[in-house]
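Each reported figure results from applying straightforward, stated rules to the coordinates on display, with no laboratory input. Given the structure is predicted, the values throughout are model-derived calculations rather than measurements. All Cβ positions, even for glycine, are placed from backbone atoms using ideal geometry, and neighbour counts span all protein chains on display.
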Amino acid sequence: MKNVNNGRTASRALIVTVLACLAIVLAGISYHYTGTGMLYGATEAEDCYAGSPLDSVPALKLPAKERWRNLTTALFIVTQGPPYHMVHDLVVAPGQPQVVVGKFDYGSIFHKDLEYEKVYVYIYGTGMSAWQKVATCITDWDGKVYAQIPARGPGEYMIKMVVPGDLSVAYGYMMVLDTGRNTVVFDVDGTLTTTDFEAVEDYLNVDDGDAIYYSSELVNLYKRRGYQVVYLTARPYWTARMTRSWFNLKGFPNTILHTTLNNIDTIDANETEEYKIDFLLHLRNDVGMNLISAYGNSSTDIGAYKAAGIPDDSIFIIGDSAGDEGTVPITGNYYNHYWELEEVLECGY
Ligand SMILES: [Mg+2]
């Protein structure tokens with residue numbers, strides 16, 4: 001038996017050695033070919049993505065649990081139900097104040113604000129190798145904190161806010177503009193999802209919704225070509241948690257998501273358009289973003305994108321309003337559009 005085993009071990013070792021050598025030779029060949037840039041010319045544009053620290057975020061080590069500062073918190077606030085905390089994503093130009101707003105509340109019915117309680121703020125992103133604690137804040141009467149982040153240079157950052165009272169966590173993103181990088185804007189409901197938010201009766205199940213065929217592939221295509229992606233939705237702020245988990249579930253890239261600051265469920269069409277115009281003009285005029293194209297499904301999207309100065313031939317509309325007002329229609333789903341774009345889409349900066 002021993003000899004047989006030795007024989008097997010020897011032949012296994014030989015096979016492993018041969019395979020290893022073969023792998024080295026193949027790696028050399030493949031390196032040589034990609035190096036010439038000839039055989040892979042068609043996918044050269046894939047190289048325009050420089051990578052993001054947010055593609056692989058280390059786990060945050062939570063602090064120790066602490067006592068609540070107020071008795072009322074334990075009695076009347078956290079008893080309301082699960083946390084709906086969120087961090088409002090921030091987009092700024094280099095040199096602009098980096099103040100990130102967090103909102104903390106509990107319960108799907110009353111959204112009771114977490115008042116006058118402690119929140120720790122952490123950041124991870126471009127140029128960093130680990131999470132760093134950057135602020136300790138106390139929530140205000142509205143359950144909000146305004147965290148001053150020590151100035152960061154151009155890049156992408158994840159922000160986590162931890163409530164030491166129960167170790168509940170909210171997260172969001174901060175983008176410090178890389179000048180010259182192009183931005184593409186996506187509406188969410190009816191544009192990435194198959195249904196409008198208004199049609200979803202039970203908000204708790206929003207994250208179960210379907211994505212339109214090839215919508216996540218489309219958004220990821222822009223990301224790979226180096227574009228900044230911004231999700232702009234009229235969903236209320238407290239849906240941010242579900243929206244982000246839906247993005248994760250369906251394979252959409254994690255990046256800037258802008259929701260309304262309102263507590264009310266929905267806002268009407270006029271308000272929606274004004275809200276979207278305000279944010280897009282802020283991105284264009286205050287931050288200096290280059291908004292080059294946008295995707296939507298409604299007349300309010302068309303109105304907002306036009307008002308933000310995005311040209312008609314770069315406004316892509318799916319659904320009932322497809323092609324309205326001189327915009328580009330997307331029929332049914334994004335499959336054909338994706339493959340057309342895959343051929344021609346240039347680097348985003
Ligand atoms: Mg929509």
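Before moving on, here are some points about what is shown:
- Shape call, segment 76-207: gyration tensor on alpha carbons, a/c limit 1.5: oblate
- Under 5 Å between amide hydrogens, built in the peptide plane, is the criterion, and for Gln98 it picks out Ile149 among residues at least 5 positions away or on other chains.
- Taking a sphere under 14 Å around the Cβ of Gln132 and counting the other residues whose Cβ falls inside, with K and R at +1 and D and E at -1, yields a net charge of +4.
- Distant-in-sequence amide H partners of Asn290 (H built 1.01 Å from N, under 5 Å): Thr183
- Karplus-derived 3J(HN,Hα) values for segment 136-146, using 6.51 cos²θ - 1.76 cosθ + 1.60 with θ = phi - 60°, are 10, 10, 10, 5, 8, 4, 9, x, 10, 10, 10 Hz; glycine and proline are entered as x.
- For segment 47-82, backbone nitrogen atoms closer than 14 Å to the point 7 Å from Leu167 Cα along Cα-to-C-beta are found at 60-67.
- Close amide H partners of Ser168, meaning residues 5 or more places away or on another chain with modelled amide H under 5 Å apart, are Val163.
- Residues in segment 299-304 carry Karplus couplings, in order, of 5, 5, 5, 4, x, 5 Hz; the curve used is 6.51 cos²θ - 1.76 cosθ + 1.60 with θ = phi - 60°, and Gly or Pro positions show x.
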